[in-house]
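Colleague: The structure under discussion is supplied below as structure tokens; questions concerning it will follow.
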Ligand code: SF4
């Protein structure tokens, strides 16, 4: 499987569904790029799900950004979790897999907080450095473990229920921003 | 000279209300040197009954049709809808015995006129002349069940003096639908209005097609609704009548009979 | 006048409705065409999709069993409801056992079919519709007029007026602003929801997954926030294996919304220890006539339907009168068939099969190639015929049996052009003296002249 070719295709398809793609070069750290993004988009508060790099991000961001919930460091009662995530300007999760030919993010049920962090805040920041890369839906279905729950997310949430006019940001995020780091997957 | 033997099927609607179409069909086929027969015992393919849900009655018509036509080398009709009925819908009539056997082979030998000319005879220019601006309405059954779209177009493109318009118009039902129009006249008329206005856009002088039923419905719509601002109402005309017109026997809207002679 | 006839009449006089429906269905058709035209494997994808659905319906009982085993092994619960009232009762019991009173619902035609909303309301349970279109329709006190675009019959102005009146906001008809208002209103409801209810597009027997397609993210929230989640769907929605999803989800996205892939696709199962997911999951499978339809050799094809709504967008009748005129949960060509298969008795919507010109556009767009015109015709044939119709039909048959009778009838028809059915008059001037047949017979002598070769049968 040619990963970099697939990532390019993913990028193209993601942009086609109104997603955003930020790519890092080898010496950049994901955390500093996320920080840069957060500053330039005046994001004041965030929530993070329980993914492997969450600690690096917390350290990089906590100085200037309010961290309303960090599912990696503790668990929250369901209603409190919902309220915290709904208040946040952005939610950060990593991504289990990407599907190239539709620009799709696959969020699995394995990380605590993934569902809320990727659906309640108006901006979803998705880190795909560690993600598996599949060419298409068939490949994903064939190779993925069957015991988990998955959400396949293709671009920001959307509706066309009023006169068929496409509006981004129905109930889920209005923006989906993907951070990709080739070559330094796993290390920030 | 072609030696093809053809049995002519004149659907009941054409027989009763669009004689010109039948005669034009005769003219065209004869001009091509085809050996044409017409059995005057023929009536209806059974479609009207079938569409209204009267299967037994429709089966009666189908059996009669099969009895009359099963020997023919080719059966040609100036209607996509009736040909499709015989070719496809007879399958749902629970025919049995010799009727079923005869139908199974007969269905491969029945064709709509333009389909026959282009696909079977390989003819797409029959020396016609029709110096007018013409738009096509593709009738649903011809289009969707028989795949007839390119054939009439090809034939029209080769008609001397004819200007084709509306070529890129989307295909849509005229709203006729046989029993449908009898049961829901207002609805059917509104659909007719919608379609007729689409057809008017390029200002054709004539709207043509392969089925008189749809053309009559459109004619009614044009008549009822009048012309769009700045447009004139086109006439409706079966494609056989366009193709039958030549420089020696030009189109005459009043002529209804064979060769315009009687 | 029948209810349907009455509703058609009022729809025909509603210019705003006509404009809204024409506009929306044309845009939907165009978006779909954008996805489909130029695909070289479209036809083979349709075949693949149909094959999967065919298998699904063929093996349905076995698949239900397997799904139930998988799903319950993980702690979920599966119920089979024979009819609407049973399904509603099960749902209400689950919610009552939790003392749940407030929750969120995502769009689901099956719940419309069983009038779940009404049942919950009378049980004192408040379930707000969260799909934007469905929310609009609920606010207006209406039913959806389309199976994938519930508020398709409404203009932005009428939605603006509705929001101003019911939500007390300042009037706006900007779709973005209206969407934002609904988002804000429903956020509160999501955060306080005690339960979430949605439909399901498919259920996977092999793995026990529920598969749901959506775009707005309301399903996602509905299964992320509340502790109790209930999926309600038909017994025909079982698929054998995960791989069966491939042809279906793609066809669905293309045919329903003209997307390459839908915004969200959920593959959901009861959460395992330490995993993220609702605390409790229930699946209610509804029969309501489906097993009867599956056992009906002519009608079972309808059970292949994946509810994409393409046949509605394409139907010239639907585009003229909209969904409400059908007076049934499921409108359009698919609805005219399906409505007569569901419920305690068959043929509850006898008139609907007539509401089609049989143009075949629905069959042409159906991603699983359902021969809707054929099914409509079959239903027409099954219907009991009023005596007057039967007499008319026999009269027609009697006439058509003999060409001389056709002649007489035809002469009569031409004489009374205005009163005979349109099929004979067509509003045109009769083509000269007599029919083609008379003319041929009159002209036998000429027929035999060298100039014309036409032969009548008796010469052969
Ligand atoms: S009948 Fe076919 S086109 Fe119509 S909703 Fe069902 S799957 Fe879609």
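Colleague: Please enumerate the residues belonging to segment A:86-101 that are touching a strand residue (DSSP E or B) at 6+ places or on another chain (Cβ under 9 Å), within 22 Å of residue A:68 (Cβ to Cβ) and within 12 Å of chain C (Cβ to nearest Cβ).
Modeller: Hits for segment A:86-101 are A:87, A:91, A:93.
Colleague: Grab the helices (runs of 4 or more DSSP H) fully contained in segment B:1-72, keeping just those with 1 or more residues being in contact (Cβ under 8 Å) with a residue 60 or more places away in the chain and facing chain C (nearest Cβ under 7 Å).
Modeller: Fully inside segment B:1-72 and qualifying: B:12-17, B:19-31, B:47-51.
Colleague: Take the residues in segment C:263-289 that are modelled with pLDDT of 95 or more and assigned to a loop (DSSP other than H, G, I, E, B), then tell me which one is nearest to the other protein chains (Cβ to nearest Cβ).
Modeller: Step by step, filter segment C:263-289, then rank; the result is C:263.
Colleague: Kindly indicate whether residue C:338 is near the ligand (Cβ under 10 Å from one of its atoms), more than 14 Å from every other protein chain (Cβ to nearest Cβ) and within 27 Å of residue C:92 (Cβ to Cβ).
Modeller: yes
Colleague: Separate question: Regarding segment C:323-331, can at least one residue be identified that is within 20 Å of residue C:18 (Cα to Cα), within 13 Å of another protein chain (Cβ to nearest Cβ) and either assigned to a helix (DSSP H, G or I) or away from the ligand (no atom under 14 Å from the Cβ) (or both)?
Modeller: Scanning segment C:323-331 turns up at least one residue that is within 20 Å of residue C:18 (Cα to Cα), within 13 Å of another protein chain (Cβ to nearest Cβ) and either assigned to a helix (DSSP H, G or I) or away from the ligand (no atom under 14 Å from the Cβ) (or both).
Colleague: Turning to a different aspect of this structure: When you scan segment A:77-188 for helices (runs of 4 or more DSSP H) that lie fully inside it, which ones turn up with 3 or more residues that are surrounded by fewer than 24 Cβ atoms within 10 Å (Cβ to Cβ)?
Modeller: Those helices (runs of 4 or more DSSP H) span A:78-87, A:137-143.
Colleague: Sticking with this structure for a sec: When you go through A:144, A:159, A:104, A:149 one by one, which is the residue that is over 27 Å from residue A:42 (Cα atoms) and facing chain C (nearest Cβ under 7 Å)?
Modeller: A:149
Colleague: Picking from A:158, A:110, which residue would you name as being without any contact (Cβ under 8 Å) to a residue 40 or more places away in the chain and out of contact with any helix residue (DSSP H, G or I) (no Cβ under 8 Å at 6 or more places or on another chain)?
Modeller: It is A:110.
Colleague: Next up: Identify all residues within segment B:165-218 that are more than 10 Å from chain C (Cβ to nearest Cβ), more than 17 Å from residue B:140 (Cα to Cα) and out of contact with any strand residue (DSSP E or B) (no Cβ under 6 Å at 6 or more places or on another chain); write none if there are none.
Modeller: B:197, B:200, B:201, B:203
Colleague: Something else now. Would you tally the residues in segment C:359-383 being within 8 Å of the ligand (Cβ to nearest atom) and part of a helix (DSSP H, G or I)?
Modeller: The qualifying residues number 3.
Colleague: From the list C:301, C:314, exactly one residue is modelled with pLDDT of 95 or more, within 14 Å of the ligand (Cβ to nearest atom) and within 12 Å of another protein chain (Cβ to nearest Cβ). Which is it?
Modeller: None of the other options fit; the residue is C:314.
Colleague: Does residue C:296 qualify as being away from the ligand (no atom under 12 Å from the Cβ) and under 25 Å from residue C:116 (Cα atoms)?
Modeller: It is false that residue C:296 is away from the ligand (no atom under 12 Å from the Cβ) and under 25 Å from residue C:116 (Cα atoms).
The values are calculated or read from the model by the stated rules, or taken from the named source; none is laboratory data. Owing to the predicted nature of the structure, the values given are computational and were not obtained by experimental measurement. Positions of Cβ are backbone-derived with ideal geometry, glycine not excepted, and every protein chain shown enters the neighbour counts.
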